[in-house]
Amino acid sequence: MIDLHEALETAAEAARLAGDFQRSAFTEDHDTDYKGPGDPVSEVDLESERRILKHLTDAYPSHGILSEEDGGVGNQDVRWVVDPLDGTSNYLRGLPDFCVSIALEVEGTLRAGVVYRPMSDDMYAATLSGDSTTASVALEPAETTDPESALVSLPYSSSRAGRDDVWAVHRAFGSTVEGIRSTGSGALDLAHVAAGHTDAACGFNQSLWDRAAGEVLVEAAGGTLTDHTGGENHDGDFLASNGHLHGTLVDCIPDRSVD
C-alpha cells in the first residue's frame, strides 16, 4: 500500500529541487536542441529531469518512471509521470510561465499530482484522496456560471498537429466567453482551473506528462474533466472546467465528425 501523503511530499520535494535550479539559471544562456518543429529541449530540461528522477528513485526504487526526456523505464504498474520543465519555449525566452509537473500513477489511475511554478514559488499539489496539505495554493474551482464571465485557456501541442481544430474552438469560445488565455504550459493551465484562476481549459494533443499532474489537481479540487464531447474517455484532447460551465462549453466545441 502506497502512502499517498508521503508520495505527495516526495513529489513536491523533487519539484522544488528542479524548480530551484531552473530559477537560478533563468537569466543564463542555454544550449538548445529541437526534438521536432517547435519542440525545444535545453540542458535545463535534462538537468531538471536528472534531479527529479534521482530524488524519486532514491525514495521509491521499485517505482517506474515515464518522463518527457527519458521515456519509460522500470515498473509501469506504479510509476511517476514527469515533465521536468513544461513551458520550455517560455523559459528560453525569459517568460516566467513554466513549471515542473510530477504525477503518481498506480495501476493506470492517476493518484497524486504536483505542479510547481518556480518564479512565483507556487505549489499546486493534491491527491485524489483529498490531501492538499503540501500545496501553497488553495485548490478551489471558480464559481462562475455565466459563460460571458468565463476565462478559458487553450493548451495545444507544440508539434503543430491539429492546429485547425484549435483555431475552430478558439473562434467558437471567443464568441461565447469573456476571454481566451494560454500560458504556454498545459500543466499550468490545468492548475489554474483547479485553483479558480480560470474557469476551464480545453486541451489539444497533450502528452500524458503535460497533463497528468494537472488532471489530478482538477479532479481533487472538484472540477470536471472529460473529452471534447463530454465523454469520460479523454486522452490528449480534454476539457477541464469548474463544472458549472462544462455542458455549455462542450456544446460550443465544433463536432469534428462533421466535415
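Read-outs throughout are calculated quantities, based only on the coordinates presented, and are distinct from any laboratory measurement. Values in this document were obtained by computation on a predicted structure and should not be read as measured data. Backbone-built Cβ (ideal geometry, glycine too); neighbour counts: all protein chains shown.
What to note about this one:
- Separation of segment 41-61 and segment 101-171, taken as the distance between their Cα centroids, equals 22 angstrom.
- Extension gain from ASP146 to GLU13, taking 0.36 nm per residue of separation minus the Cα-Cα distance: 44.0 nm
- Linear extension gain, SER120 paired with ALA59, 0.36 nm per residue minus alpha-carbon span: 19.3 nm
- Residue-averaged 222 nm ellipticity for the chain, from DSSP H runs of 4+ at -39500 (n - 2.57), nearest 500: -10500 deg cm²/dmol
- Just checking the listed ones, ASN242, ASN90, ASN233: in the Gaussian network model of the chain with Cα springs under 10 Å, the one fluctuating most is ASN233.
- Of all stretches in the chain that contain no GluC sites (Glu not before Pro) in a DSSP loop with at most 10 other Cβ atoms within 10 Å, the longest one is 144-231.
- In this Cβ point-charge picture (+1 for Lys and Arg, -1 for Asp and Glu), the chain has a dipole of about 240 debye about its Cα centre.
- Long-range amide H partners of ALA135 with built H, under 5 Å: ALA125
- For ALA168 and HIS5, the difference between the fully extended length at 0.36 nm per residue and the C-alpha to C-alpha distance is 54.6 nm.
- Length-normalised contact order for the chain - Cα pairs under 8 Å, 6+ apart - percent: 17
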